[in-house]
Amino acid sequence: MRSSEFPGQLCSVARSLEVVGEWWTLLVVREAFFGTRRFSDFETRLGIAKNVLSDRLAKLVEAGVMARNAVVGRGNPRDYTLTPMGRDLFPAIVVLMQWATAGSTAASARRFACSTASPGRKSRR
């Protein structure tokens, strides 16, 4: 992770964006809240490229938002779980969902709904 994305900014919002401000990062965190733990499951559920997912997970682990844990299995599997610091992001995720749907019509609200369904996968809601 770069030392600072916003070197001239001393506010807490800028510091937060250094951790969770890249594309895909909050979606990875959202999936973790939905119970996703394995790399391949994040990849499938988000439709994200492996290199991007690997980068985002590594940065989240480095920042203390997620933990990478060894699990029993073939091929040296790992799973990723939210740390207490990561779980503290839940209210921010909820507020972003509410912000996106506030004052919207039913059609646009569906566009902003957080279904984890991807093509060929049933939603878990």
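What follows draws every value from the coordinates through simple rules; no lab data is involved. Keep in mind it's a predicted model, so treat the numbers as computed, not measured. Please note: Cβ atoms are built from the backbone with ideal geometry, for glycine as well, and neighbour counts cover all protein chains shown.
Counting other C-beta atoms within 10 Å, and keeping those with at most 10, which DSSP coil trypsin sites (Lys or Arg not before Pro) do you find in region 1-101? Those that pass, being in a loop and sparsely packed, are R2, R74.
Taking amide hydrogens as placed 1.01 Å from N in the peptide plane, the amide H of R38 sits under 5 Å from those of Y80, each at least 5 positions away in sequence or on another chain. Each label was represented as a point 7 Å from its Cα along the Cα-to-Cβ direction; for Q98 and K50 these points are 4.1 nm apart. The ellipsoid equivalent to the alpha-carbon distribution of region 12-112 has semi-axes of 26, 17, 12 angstrom, derived from the gyration tensor eigenvalues as √(5λ) and listed largest first.
Put a dot 7 Å past the Cα of R78, heading toward its Cβ, do the same for F90, and the two dots end up 2.5 nm apart.
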